[in-house]
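To keep things clear, I will list the structure first and then write my remarks on it.
The values are calculated or read from the model by the stated rules, or taken from the named source; none is laboratory data. Keep in mind it's a predicted model, so treat the numbers as computed, not measured. As a convention, Cβ positions derive from the backbone with ideal geometry for all residues, glycine included, and neighbour counts pool all protein chains shown. Heads up: the accessible areas ignore ligands, DNA and RNA and are worked out on the full protein's heavy atoms, side chains in. Shrake-Rupley method; radii C 1.70, N 1.55, O 1.52, S 1.80 Å.
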Amino acid sequence: MSSSIQDVAKAAGVSISTVSRSFTRSDLVSARTRERVLSIADELHFSLSRSAAALKSGRSLRVALLMSDHIRLWFSASVIEGLNQVLHANSYDISIFQISSIEERKEFFEMLPVRRNADAVIVASFDIDNNEIAKLSSVGVPIVGINSVLPQERGFTAAVNIDDVQGSTLAARHLIALGHRNIAYVRTNRDVSLHFSVQQRFDSFMEVCAKEGITPHVIDVHEGEHRIANAVTQLMSMDSMPTAIACQEDGIALPLLFQLERNGFSVPGDVSIIGYDDSFYTDDIGLTTIRQDPVLMAQEAARTTLKLIDGETPDTPFRVFPAQLVVRASTSRVRAGA
């Protein structure tokens, strides 16, 4: 037979509320006490009913996560990992809403007032407009952004962002310092404006180059399985190949590097390539890139979300994480005469 919460409290020598907190609010119980309570609960085959815990607290114990990218991609998967590490430890589930089309976007925001089944909404890599943020606000729960554009101005309760201005400035200055002036910038061109701060990355990169009298060639590619082949075609169709290529993200830079080498170009001998993210395999392959840590940002976002759910005011509701230039083997000085 399964035991009751009273049995666990008696065996552990703690109050019933301490047993409940050990399951639902681990931050309010010392690690030693929680470990003892959970161990005894396991011995007595006790588990706290999730629905009972939610009913008692008046909360759904659920956080809605709104994403624009495929969840299998590096950034999205890293965000989910970071959020789960913090939220799961505090007995919260994550409901993921992946928005990849205008129709899905419209349906989500139209149905949002009906759902009202989350204690907070986290918006990751999603450039929402003022009308959509108003609909989120109407639900009456905290709205937390991860790499959201202008979160304070658009009414978010809190947000964590990578400093994309700093990141793109570092990328542009790195290439310019190596003597590159014939530079290309490769970016995605989505039919649905869902992406996060990539526009800010692009604008900042172009601004730094403009101050040095450089106008990079802009290569726009559509999302899809042929986007890298499309980028290579555009690059090789130019009057002269650029000596350096900056990419919106590592997801473009890595396959582009391989495709250029298959077409006879040496990296970085003929052309330097710099990415953005410091994602999977960049270190193994030697890609120069701009580092961000979405797991760390997501953990911070989750901790802030829990404070907001509890009615607390975070010390720094809007936090910006610095970017870092990571120089590896894919960039070098421009060759003489290039």
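Of all residues in segment 141-191, those satisfying the criterion of being charged (D, E, K, R) and more than 18 Å from Q292 (Cβ to Cβ) are E153, R154, R181, R190, D191.
For segment 260-276, the condition of being open to solvent by less than 30 Å² (accessible area, probe 1.4 Å), polar (S, T, N, Q) and either in contact with a Leu (Cβ under 9 Å, 6 or more places away or on another chain) or more than 26 Å from P151 (Cβ to Cβ) (or both) holds for at least one residue. When A323, A302 are checked against the criterion of being under 24 Å from I94 (Cα atoms) and either within 15 Å of the chain's Cα centre (by Cα) or charged (D, E, K, R) (or both), a single residue qualifies: A302. P317: open to solvent by less than 10 Å² (accessible area, probe 1.4 Å), closer than 30 Å to S137 by Cα and not hydroxyl-bearing (S, T, Y), yes or no? So P317 does not fit the description; no. Checked against (1) at pLDDT below 90; (2) under 21 Å from the mean Cα position of the chain (by Cα); (3) surrounded by 19 or more Cβ atoms within 10 Å (Cβ to Cβ); (4) of a type outside the set (S, T, N, Q), L112 meets all criteria but (2).
What is the residue count in segment 67-94 for residues that are within 17 Å of S125 (Cβ to Cβ), of a type in the set (G, A, S) and open to solvent by 20 Å² or more (accessible area, probe 1.4 Å)?
The qualifying residues number 1.
Restricting segment 287-338 to residues that are among the acidic types (D, E) and not in a helix (DSSP H, G or I) leaves a set whose member that is nearest to E249 (Cα to Cα) is D293. Of the helices (runs of 4 or more DSSP H) contained entirely in segment 121-216, those carrying at least 3 residues that are at pLDDT 80 or above and either over 29 Å from D310 (Cβ atoms) or open to solvent by less than 30 Å² (accessible area, probe 1.4 Å) (or both) fall at 164-177, 198-211.
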